[in-house]
Amino acid sequence: MTDRGWTLWARCRGMDTTTFFPQKEDGRLAAARAEAAARSICRSCPVVAECRDTALQAGETHGIWGGMTYAERRAFARARKLGRVLSA
Ligand code: SF4
């Protein structure tokens, strides 16, 4: 079982999770706004690395986790594997 104790310090704790799961069906502009809002919240989150790594370990393909989209998380994981990430 994964230790989820870090979620106690999540900046998004108690917030509406739909912000972190932008839906293309809502329209590109609305999805882009939701994504920007989520990223803004994540920027000041003290557990951003734990969140990102949990999503990567779980193979989470949807939503903003650790301030990143799925594609960004995958790129981050590839870069980290190649030793191109200085701090993880
Ligand atoms: S990084 Fe973003 S999505 Fe993850 S716990 Fe923090 S605020 Fe929530």
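No value in this document is a laboratory result; all are computed from the given coordinates. None of these values were measured; they are calculated from a predicted model. So basically every Cβ, Gly included, is an ideal-geometry build from the backbone, and we count neighbours across all protein chains shown.
For V47, the shell of other residues with beta-carbons less than 14 Å away shows a net charge of +2, using +1 for Lys and Arg and -1 for Asp and Glu. With axes computed from alpha carbons, what is the tilt in degrees of helix 48-58 against the longest principal axis of the chain, rounded to the nearest 10 within 0 to 90? Relative to the chain, helix 48-58 is tipped by roughly 90 degrees. Secondary-structure-derived ellipticity at 222 nm for the chain, considering helices only, amounts to -14000 deg cm²/dmol, per-run term -39500 (n - 2.57) for DSSP H runs with n ≥ 4. Per-residue Karplus couplings for the stretch 68-82, computed as 6.51 cos²θ - 1.76 cosθ + 1.60 with θ equal to phi - 60°, are listed in order as 10, 6, 4, 4, 5, 5, 5, 5, 4, 4, 5, 5, 5, 4, 8 Hz, Gly and Pro entered as x. Given a 10 angstrom Cα cut-off, can you work out which residue in R52, R78, R39 is the most mobile in a GNM of the chain? Highest fluctuation among the options: R78.
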